[in-house]
Structure formats: C-alpha cells, structure tokens
1. Residue pairs, Cβ under 6 Å, 6 or more apart or interchain, first in region 88-104 and more than 18 Å from Thr31 (Cα to Cα) and touching a residue at least 24 places away in the same chain (Cβ under 8 Å), second in a strand (DSSP E or B) and not hydrophobic (A, V, I, L, M, F, W, C). List them.
2. Among the residues of region 6-33, which ones are within 14 Å of Ser98 (Cβ to Cβ) and outside any loop (DSSP other than H, G, I, E, B)?
3. Against the condition under 22 Å from Leu22 (Cα atoms) and assigned to a loop (DSSP other than H, G, I, E, B), how does Thr60 come out, does it pass?
4. For Ser78, all conditions in the list (1) of a type in the set (S, T, N, Q); (2) open to solvent by less than 70 Å² (accessible area, probe 1.4 Å); (3) touching a Leu at 6+ places or on another chain (Cβ under 8 Å) hold save one; what is the number of the exception?
5. Please state which one of Ser90, Ser128 is exposed (fewer than 10 other Cβ atoms within 10 Å of the Cβ), of a type outside the set (Val, Ile, Thr) and at pLDDT 90 or above.
6. Conditions first: (1) in contact (Cβ under 8 Å) with a residue 60 or more places away in the chain; (2) under 26 Å from Gly68 (Cβ atoms). Asn37 passes all but one, so which condition is the exception?
7. Just to be sure, is Asn12 of a type outside the set (Asp, Glu) and loosely packed, with under 13 Cβ neighbours inside 10 Å?
8. Could you pull out the residue among Thr69, Thr32, Thr36, Thr27 that is polar (S, T, N, Q), over 17 Å from the mean Cα position of the chain (by Cα) and open to solvent by less than 70 Å² (accessible area, probe 1.4 Å)?
Amino acid sequence: MASYNKVVLLGNVTRTPDVRNLPGSATVVATTGLATNRRYKDKEEVMFIDIVVYGKQAETMGMYVTKGTPLLVEGRLSFRQWEQEGQKRSKHEVIVESFQMMGGRKDRTDFDESMVDKDDLKMPADDSMIRDEDVPF
C-alpha cells in the first residue's frame, strides 16, 4: 500500500527560532512553533505546532524569522520519542522541507524610510536617458 506524508501549514511563528548545531556535527537545526487557526460557525480553534528546520534553511530562518512572522511551511509529519527524568515522552512535529515568509516589506521593523535618498528615486531628465544606440546588443 502506498503512503504519503506531506504537511502544508500557514500560520504565525510563536517564538523566535532556536538555532543550534547538532551534537558532534556541523549540521544546523532551528526549532520553533507555528500557530494556525481554524474558524467555524462562531468559534475559532487554534493549534500550536512544533516545527524543525535543518541545514541552510535553518540558518536563513534564524536570521530573518522572528516571533509573529507569518510563515508558509511545507514538510512532513514526524513522531519523536525520548526519556526524560525516567519518564517516557513523545511528540509530533513537522520537519520543514521548505518555507516562505508571507509578510511584505512593510512588516519589517528594521526598515527606515529616512535611510533612502529621495533624489535617487527620481527619473532622470530626458537628455540623460539611455538611447537605443548606447545599448551594445
């Protein structure tokens, strides 16, 4: 019997990603959470899902993703078990294969319009425009 394990989620990051190296390895891993919601009738159901990202994408997530960032993730569902203080623990998490930040530039808090020189945004006068004969191809 064929099987298929694919998860696509759209939600907001619940905490700034924790970026680390795997023990004894150079592989980078980032862990965080994603809050998704479902509305029906007059109710809303919120789910908090742990997500894990590996490699270069983990580094990217650590640099650009913060709490509250809208994120679209695609990955697979994973079940992990471990023992902690003599008790067996387990949880489901999504192993992210790709992600995309959904917020636009206006959502960024580190962008300041005063840093842009308004003269750089003006169109040049007609006599300084590039002519067709100036283009080498």
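1. Close Cβ pairs satisfying both conditions: Met102/Pro70; Gly103/Pro70.
2. Selection gives Val7, Val8, Leu9, Leu10, Ala30.
3. Against the criterion (under 22 Å from Leu22 (Cα atoms) and assigned to a loop (DSSP other than H, G, I, E, B)), Thr60 does not qualify.
4. All conditions are met except number (3).
5. Ser90
6. Answer for Asn37: the failing condition is (1).
7. Taking the combined requirement at face value, the residue does not satisfy it.
8. Of Thr69, Thr32, Thr36, Thr27, the one residue that is polar (S, T, N, Q), over 17 Å from the mean Cα position of the chain (by Cα) and open to solvent by less than 70 Å² (accessible area, probe 1.4 Å) is Thr27.
The values are calculated or read from the model by the stated rules, or taken from the named source; none is laboratory data. None of these values were measured; they are calculated from a predicted model. Note that we place each Cβ from the backbone using ideal geometry, even for glycine, and neighbour counts take in every protein chain shown. We work out accessible area using only protein heavy atoms, side chains counted, and drop any ligands, DNA or RNA first. Shrake-Rupley method; radii C 1.70, N 1.55, O 1.52, S 1.80 Å.
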